[in-house]
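Got a structure here, written out as structure tokens. Questions coming.
The values are calculated or read from the model by the stated rules, or taken from the named source; none is laboratory data. Model, not experiment: these values are computed from the prediction. Here the Cβ positions follow ideal geometry from the backbone for every residue, glycine too, while neighbour counts run over all protein chains shown.
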Amino acid sequence: MKPIRNLTLVAVAIAAAACVRMDREPAAPVHDVWVTAADSGASTPAHLTFVNHDSISVKIVSWSSPDAQSVEWHMTMNSGGTSTMMPLTSPAEVLPGDSLLLVPGAQHLMVTGLKHRAAVGDSITLVIATDRGRSWRFGAKVRAP
Ligand SMILES: [Cu+2]
């Protein structure tokens with residue numbers, strides 16, 4: 001049984017190391033992050049899914065980007081074949097285990113006043129901050145419109 005016990009010890013050591021690394025530099029709990037290509041100075045929608053892995057609800061209190069003047073949380077409304085959008089009022093509350101879906105046709109982030117051109121294949125940096133003092137910086141891949 002010795003080899004199995006050693007294997008268990010190795011697994012525990014790896015798990016402990018992973019936890020330490022996660023505490024120091026947590027990965028953003030987001031996926032499917034992308035932004036539509038746009039010229040410098042333009043505004044463009046960004047999409048992502050934010051997952052609340054915690055056991056209590058979290059509020060996203062701010063959205064920003066070092067690559068743009070501002071980032072707003074928007075809702076797309078469709079009425080009579082016309083699509084309009086409306087700013088939503090932060091914070092966005094995400095229940096434990098739930099996700100905030102910022103997907104085409106529903107909600108998105110409006111990245112306003114790009115400081116440089118966002119070309120296909122580039123990446124735009126987004127930053128989100130929560131009410132519990134946590135913030136994450138992550139890249140949004142630029143896709144064709
Ligand atoms: Cu918008």
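Return the residue satisfying two criteria in turn: it lies in segment 28-45 and is more than 13 Å from residue 114 (Cα to Cα) and hydrophobic (A, V, I, L, M, F, W, C), and of such residues it is surrounded by the fewest Cβ atoms within 10 Å (Cβ to Cβ).
That would be 34.
Determine, yes or no, whether residue 84 is within 16 Å of the ligand (Cβ to nearest atom), loosely packed, with under 14 Cβ neighbours inside 10 Å and part of a loop (DSSP other than H, G, I, E, B).
It is false that residue 84 is within 16 Å of the ligand (Cβ to nearest atom), loosely packed, with under 14 Cβ neighbours inside 10 Å and part of a loop (DSSP other than H, G, I, E, B).
Could you tell me whether residue 48 is surrounded by 15 or more Cβ atoms within 10 Å (Cβ to Cβ) and either of a type in the set (A, V, I, L, M, F, W, C) or under 19 Å from residue 129 (Cα atoms) (or both)?
Yes: the conditions hold for residue 48.
Mind checking whether some residue in segment 70-80 is loosely packed, with under 12 Cβ neighbours inside 10 Å, away from the ligand (no atom under 14 Å from the Cβ), assigned to a strand (DSSP E or B) and without any contact (Cβ under 8 Å) to a residue 60 or more places away in the chain?
The answer is yes, given that some residue of segment 70-80 is loosely packed, with under 12 Cβ neighbours inside 10 Å, away from the ligand (no atom under 14 Å from the Cβ), assigned to a strand (DSSP E or B) and without any contact (Cβ under 8 Å) to a residue 60 or more places away in the chain.
Residue check, residue 104 against (1) assigned to a loop (DSSP other than H, G, I, E, B); (2) of a type outside the set (Phe, Trp, Tyr); (3) more than 15 Å from the chain's Cα centre (by Cα), all met but one. Which one?
Here residue 104 meets the rest and fails (3).
Here's something else I'd like to know. Are there any pairs with C-beta distances below 9 angstrom linking a residue in segment 36-51 that is in a strand (DSSP E or B) to a residue that is among the acidic types (Asp, Glu) and away from the ligand (no atom under 12 Å from the Cβ), with the two at least 6 apart or on different chains, and if so which?
47/32; 48/32; 49/32; 51/98
For residue 67, work out the one condition from (1) modelled with pLDDT under 95; (2) buried (at least 18 other Cβ atoms within 10 Å of the Cβ); (3) acidic (Asp, Glu) it doesn't fulfil.
Only one criterion in (1) modelled with pLDDT under 95; (2) buried (at least 18 other Cβ atoms within 10 Å of the Cβ); (3) acidic (Asp, Glu) is unmet by residue 67, namely (1).
Is it true that residue 96 is in contact (Cβ under 8 Å) with a residue 40 or more places away in the chain, away from the ligand (no atom under 15 Å from the Cβ) and not in a strand (DSSP E or B)?
It is true that residue 96 is in contact (Cβ under 8 Å) with a residue 40 or more places away in the chain, away from the ligand (no atom under 15 Å from the Cβ) and not in a strand (DSSP E or B).
Is it the case that some residue within segment 115-133 is surrounded by 13 or more Cβ atoms within 10 Å (Cβ to Cβ) and over 20 Å from residue 33 (Cβ atoms)?
Taking every residue of segment 115-133 in turn, at least one turns out to be surrounded by 13 or more Cβ atoms within 10 Å (Cβ to Cβ) and over 20 Å from residue 33 (Cβ atoms).
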